[in-house]
Amino acid sequence: MVRMSAEERRESVIRAAIAEFAQRGYYGTSTEAIAKRVGVSQPYLFRLFPGKKAIFAVASQRCIDEMCELFESVAAGLRSEEALKAMGDAYVRLIQERPERLQMQMQTYIAVAAAEAEGEHEFGELVRAGWGRLWDTVHLILGADVDRTTAFLAKGMLINTYAAMGFPPEHRVWQGMYPDAGATGRLEKCSDG
């Protein structure tokens, strides 16, 4: 059997952490569960990361970074409405095919609110910086149009809410989300995840 390098093991921990935190949240996930999913000991886990907060922060940032990369990739060479549609379609596919990404986003917002309520602002600052990068990425792709950037991200958050609550695609709340998609169209993808 081939041994993994520390970097490969670190990547395994990040993937496992996203899966665990997405299901159980920050407070409901133990480092033991993450270590077990990866097949390492907790002491080894803490050689890779200084603690649970650090693991959660890296997992949260990974999800934001992957979204930025996804949007840049699908919008490369496209302009205006084509870029907007490509990013929207790619995001819907992402949360359909990898629902843990949507769940991790939701858990991140909860963890930020809890940390802020406890007077711990460092994690919130980290997440806000990530969202700033996401906003900048979308903003540049959409031609530095503040209104379009805001509308795109706001619609994405509404999609997150509907999908997380499990609204079926035929439900009235989806009306107007994608008028060009017909009665269900792309929305089926959102609510399947």
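Just to confirm a number: summing +1 for Lys and Arg and -1 for Asp and Glu over residues other than Ala154 whose beta-carbon lies under 13 angstrom from that of Ala154, what do you get?
+1
With a probe of 1.4 Å, find how much accessible area the chain has per residue, and write the answer as a whole number in Å².
Averaged over the residues of the chain, the accessible area is 54 Å².
With charges set only on the Cβ (+1 for Lys and Arg, -1 for Asp and Glu), what does the dipole of the chain come to about its Cα centre, in debye to the nearest 20?
Roughly 580 debye, rounded to the nearest 20.
Among (1) 35, 19, 17; (2) 31, 18, 17; (3) 50, 23, 14, find the value of semi-axes √(5λ) of the Cα gyration tensor in Å that was calculated from the structure presented, and write down its label.
Identified label for the calculated read-out: (2).
Quick one: ranking Asp65, Asp147 by accessible area, 1.4 Å probe, largest first, what do you get?
Asp147, Asp65
With springs only between Cα atoms under 10 Å apart, run a GNM on the chain and tell me which of Val40, Val74, Val92 wobbles the most.
Residue with maximal mean-square fluctuation among Val40, Val74, Val92: Val40.
List the trypsin sites (Lys or Arg not before Pro) within segment 1-65 that fall in a DSSP loop (any state other than H, G, I, E or B) and whose Cβ has at most 13 other Cβ atoms within 10 Å.
Passing sites in segment 1-65 are Arg3.
For segment 59-78 and segment 19-41, what is the centre-to-centre distance using only Cα atoms, to the nearest Å?
25 Å
The values are calculated or read from the model by the stated rules, or taken from the named source; none is laboratory data. The structure displayed is predicted, hence computed values, not measured ones. Note that each Cβ is placed from the backbone with ideal geometry, even for glycine, and that neighbours are counted across all protein chains shown. All accessible areas refer to the heavy atoms of the entire protein, side chains included, with ligands and DNA or RNA removed. Shrake-Rupley method; radii C 1.70, N 1.55, O 1.52, S 1.80 Å.
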